[in-house]
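Following: one structure in structure tokens, then a few remarks.
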Amino acid sequence: MLVVRYLFVAVVACLASCQSEPQRPTFAPSDAIDVMQEQVAAWNRGDIDGFMQGYWKSDSLQFITSKGLKTGWETVRQGYHRSYPTREKMGSLHFDYQRVEWADEREQRLHVLGRWKVQSVTDPSDTGHSGWFHLTFLGFPEGPRIVADHTW
């Protein structure tokens, strides 16, 4: 009986040690693009808080531009509100996706590379301003979210 008990404890210990870390919720690359399209729609109606829903709501969010690094969801949100205080200042946003690829499919880490363009909504002669973005998405229970944004 003692041998059976030891054997049972050994098997349970082995099974517990063999378990892998829980995997992130899965998503398809198209789910990340859907998040970005929702961001474009929010931006184009002047809704910065709606636009921010595509980002990971964490103090660890990274947002890097030519002006430097910002960390944290709330810091990024406040920066957008300061830079774009009105709908007119926001303009009309468009994304052009160049590359959408898994950095690590097992870890559900996706990279999206593309171009952004913003044009005035009040000045038809405005050619706009544009640049590039490189985003890193991870899967969360609420869906894929941007955890790092490099925009230039």
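Side notes on the structure shown:
Residue-wise test of (1) part of a strand (DSSP E or B); (2) in contact (Cβ under 8 Å) with a residue 60 or more places away in the chain; (3) among the aromatic types (Phe, Trp, Tyr); (4) in contact with a helix residue (DSSP H, G or I) (Cβ under 7 Å, 6 or more places away or on another chain).
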{"site": "Asp96", "(1), (2), (3), (4)": "yes, no, no, no"}
{"site": "Trp102", "(1), (2), (3), (4)": "yes, yes, yes, no"}
{"site": "Glu107", "(1), (2), (3), (4)": "no, yes, no, no"}
{"site": "His111", "(1), (2), (3), (4)": "yes, no, no, no"}
{"site": "Gly114", "(1), (2), (3), (4)": "yes, no, no, no"}
{"site": "Val118", "(1), (2), (3), (4)": "yes, no, no, no"}
{"site": "Trp132", "(1), (2), (3), (4)": "yes, no, yes, no"}
{"site": "Phe140", "(1), (2), (3), (4)": "no, yes, yes, no"}
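- Every residue from the stretch 37-51 that is within 9 Å of Met90 (Cβ to Cβ) and among the small types (Gly, Ala, Ser): Gly46
- Of all residues in the stretch 22-48, those that are in contact with a helix residue (DSSP H, G or I) (Cβ under 7 Å, 6 or more places away or on another chain) and within 20 Å of Gln119 (Cα to Cα) total 7.
- The single condition among (1) closer than 17 Å to Phe137 by Cβ; (2) charged (D, E, K, R); (3) surrounded by 15 or more Cβ atoms within 10 Å (Cβ to Cβ); (4) touching a helix residue (DSSP H, G or I) at 6+ places or on another chain (Cβ under 7 Å) that Arg77 does not meet is (1).
- Given (1) touching a Leu at 6+ places or on another chain (Cβ under 9 Å); (2) in a helix (DSSP H, G or I), index of the condition Tyr80 fails: (1)
- Applying the criterion of being in contact with a helix residue (DSSP H, G or I) (Cβ under 7 Å, 6 or more places away or on another chain) and among the hydroxyl-bearing types (Ser, Thr, Tyr) to the residues of the stretch 49-70, the residue that is surrounded by the fewest Cβ atoms within 10 Å (Cβ to Cβ) is Ser58.
Residue-wise test of (1) closer than 23 Å to Phe27 by Cβ; (2) at pLDDT 95 or above.
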position	(1), (2)
Tyr55	yes, yes
Ser60	yes, yes
Lys67	no, no
Thr71	no, yes
Glu74	no, yes
Tyr80	no, yes
Met90	no, yes
Phe95	yes, yes
Glu105	yes, no
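- Qualifying residue in the stretch 81-88 (condition: touching a residue at least 24 places away in the same chain (Cβ under 8 Å) and under 15 Å from the mean Cα position of the chain (by Cα)): no
- Candidate set: the stretch 142-152, residues that are within 11 Å of Ala32 (Cα to Cα) and assigned to a loop (DSSP other than H, G, I, E, B); chosen: the one farthest from the chain's Cα centre (by Cα): Gly143
- Restricting attention to the stretch 34-77, the residues that are in a helix (DSSP H, G or I) and among the basic types (Lys, Arg) total 1.
The values are calculated or read from the model by the stated rules, or taken from the named source; none is laboratory data. What you see is a predicted model; the values in this text were computed from it and never measured. Methodologically, a virtual Cβ is constructed for each residue, glycine included, from the backbone with ideal geometry; neighbour enumeration extends over all protein chains shown.
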